[in-house]
Amino acid sequence: MTSLSVRRVAAGTPNGPAVLLIHGLASRGSADWPDAEWAAPLAAAGRDVYVVDLPAHGDASRPQAPVTTTEVVDLLAGVVRDAGDPVDVVAYSLGARLAWDLAGRTVDGRPAVRRLVLGGLSPFEPLTTVDLPAARAALDGGPEPADPLTAMMLGMARMPGLEPAAVLHLIEGLAAEPFDPAAAPPRVPVLLAGGVDDPMAQGIDALAAGVADARVVRVPGDHLGALHDPAFRDAAQAFVLAG
């Protein structure tokens, strides 16, 4: 059974909606969102914080078959249901791709998301071009993939703490439902953030143009550096706490 791992950090005195933090590919919640930098200040400001590990990551289940975007977003909607109210979401990279879809959901008749911070989001879908047979052949002892993107994704799947076959199942399932930002853009306030040296995030202005209430912020760093730059953290937290 595919599942998330969910950790709740309770606010001392609740003062606003919960905040859901969604990490990127080949990471985990505690790596992308260190408690001292995210859960602690948000909880101190009166927000419950939910830190998830996505399937194939961290303490979550290791899929034995493809897991689609719809299935993962269903799991995230379950976290919203547990929170009891629409949540604010801060998400990065793959997490941002999933959060875009989560923002279009309703849970128990109410919108799932109130405010949305999306970092490191590409308007394009790279996962459909991953050569999964070549990646799996390499895992079985065959030659390394010749395709650079496939080789990069396989390298990420092999990172410590991950089960490469499970990560490839996740990639396969996500690729079956490619990201299409024009299909259902969020109808909630959105902050799009990207590193000035991150080629993946160079299209966030185009994404913002398709969202009714969106703003863009550029922060120092490449794809990984921007995530951990104080400018991203400050902008994201100010955005969710201002609402």
### Task
Per DSSP H run of n ≥ 4, the term is -39500 (n - 2.57); total these for the chain, divide by its residue number, and report the mean residue ellipticity at 222 nm rounded to 500 deg cm²/dmol.
-10000 deg cm²/dmol
### For segment 164-210: rounded, prolate or oblate by the Cα gyration tensor [a/c cutoff 1.5]
oblate
### Query
What do you get when you divide the Cα radius of gyration of the chain by 2.2 N^0.38 Å, with N the number of residues?
0.97
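For segment 17-112, just say rounded, prolate or oblate: build the C-alpha gyration tensor, square-root its eigenvalues into a ≥ b ≥ c, call rounded for a/c under 1.5, and beyond that prolate if a/b exceeds b/c, oblate if not.
On the way: a/c = 1.96, a/b = 1.12, b/c = 1.75.
Cα axes put segment 17-112 in the oblate bin.
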### Query
S3 versus A184, label points 7 Å from Cα toward the beta carbon: distance in nm?
2.6
### Query
Percent relative contact order of the chain, based on C-alpha pairs within less than 8 angstrom and at least six residues apart?
20
### Message
Expected output is a single nm value to one decimal: the length gained when fully extending between A40 and D108, i.e. 0.36 nm times separation in residues minus the C-alpha distance. What is it?
### Response
21.6 nm
### Task
Give a quick list of trypsin sites (Lys or Arg not before Pro) in segment 173-243 that DSSP marks as loop, anything other than H, G, I, E or B, with at most 14 other Cβ atoms within 10 Å.
R187
### Task
Pull up the DSSP beta bridges for the chain and report the antiparallel fraction as a percent, rounded to 5.
25
### Message
If you roll a 1.4 angstrom probe over the protein chains with everything in place, what fraction of the accessible area of the chain belongs to carbon and sulfur, to the nearest %?
### Response
56
### Message
Taking θ = phi - 60°, what integer Hz values does the Karplus form 6.51 cos²θ - 1.76 cosθ + 1.60 yield along segment 72-84, in sequence order, with x for Gly and Pro?
### Response
5, 5, 4, 5, 5, 4, x, 5, 4, 4, 5, 5, x
### Summary
Distribution output for segment 1-71: share of Cα-Cα pairs per 10 Å bin in percent, first bin at 0, values 22, 45, 25, 9, 0
### Query
For segment 1-21, list residues with backbone N below 16 Å from a point placed 7 Å from the Cα of T68 toward its Cβ?
2
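The values are calculated or read from the model by the stated rules, or taken from the named source; none is laboratory data. The shown structure was predicted, so the numbers you read here are calculated from the model rather than taken from an experiment. Here Cβ is always computed from backbone atoms with ideal geometry, including for glycine, and neighbour counts include all displayed protein chains. When the accessible area is computed, the model is the full protein with side chains, heavy atoms only, and any ligands, DNA or RNA have been set aside. Shrake-Rupley method; radii C 1.70, N 1.55, O 1.52, S 1.80 Å.
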